[in-house]
Amino acid sequence: MKDGRTKGERYENTVCRLLSQWLVPGDWEKCPVYKLPFRRRFTDSTPLDGHWEGEGDILHRPDVTFPFCVECKDQEGWDLDGVLKNAQWPVWKWWTQACAQAQQVGLRPILFFTRAYRPNYVMIEKEVAQWLEVVPQQGPVIEVYRSRFLRSESAAVPVVTEAANLFAVPSTSVHCLSAKKGRSRSRHSRKCLSGLS
């Protein structure tokens with residue numbers, strides 16, 4: 001079990017670095033993990049300054065606008081063909097988990113997943129992908145909804161793509177997405193969200 005936990009922690013750190021490079025100006029390529037603006041939920045070290053916000057597997061600094069609840073999975077035993085053929089495809093379970101957790105806290109679900117010798121994939125809500133204008137630059141962006149596979153009412157209609165396609169979206173687009181429900185939103189935020197239901 002320890003190897004699986006270590007593998008999961010490594011992948012969460014990878015996602016933290018990718019999110020930092022995408023959304024926060026700076027040179028995060030060789031920066032130590034503990035200095036990144038995104039951090040795994042459970043770490044051995046206490047943050048040196050400030051507190052951390054967010055829900056899910058990844059937290060962020062308070063000065064970072066991030067409207068997602070992140071779930072990260074680095075597990076074997078799945079193939080992308082499973083989306084079409086397999087009602088027990090593990091990614092459906094992960095997506096349902098991400099949606100339920102995000103719904104509880106008023107954020108948008110995002111699932112990063114991979115396995116050995118595969119790229120990073122991301123699953124996000126179809127309406128968010130459309131609003132962000134995620135386009136196929138490194139592999140397709142595909143809608144994968146199959147109602148009989150999604151058992152939870154909280155599971156949104158998703159799309160799957162390589163994470164590189166999401167990271168090609170300008171960070172300013174992400175800043176317009178909703179943060180938590182119940183927070184007051186600026187007029188600019190309300191305008192940005194008018195395209196989302």
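The values are calculated or read from the model by the stated rules, or taken from the named source; none is laboratory data. Everything quoted here is computed from the prediction, not taken from an experiment. So basically every Cβ, Gly included, is an ideal-geometry build from the backbone, and we count neighbours across all protein chains shown.
Taking residue 117, is it closer than 20 Å to residue 56 by Cα, at pLDDT 80 or above and not polar (S, T, N, Q)? For residue 117, the condition - closer than 20 Å to residue 56 by Cα, at pLDDT 80 or above and not polar (S, T, N, Q) - is not met. Counting only residues that are over 18 Å from residue 98 (Cβ atoms) and at pLDDT 85 or above, the range 26-68 holds 19 of them.
Only one entry of 128, 159 meets the criterion of being in contact with a strand residue (DSSP E or B) (Cβ under 6 Å, 6 or more places away or on another chain), modelled with pLDDT of 80 or more and under 19 Å from residue 106 (Cα atoms), and that entry is 128.
Consider the range 57-100 and keep the residues that are part of a helix (DSSP H, G or I) and closer than 20 Å to residue 13 by Cβ. The one that is nearest to the chain's Cα centre (by Cα) is 98. May I ask you to verify whether residue 137 is more than 19 Å from residue 11 (Cα to Cα), at pLDDT 80 or above and surrounded by fewer than 20 Cβ atoms within 10 Å (Cβ to Cβ)? So residue 137 passes the test. Of everything listed in (1) on the phi > 0 side of the Ramachandran plot; (2) over 15 Å from the mean Cα position of the chain (by Cα), the single unmet condition for residue 106 is (2).
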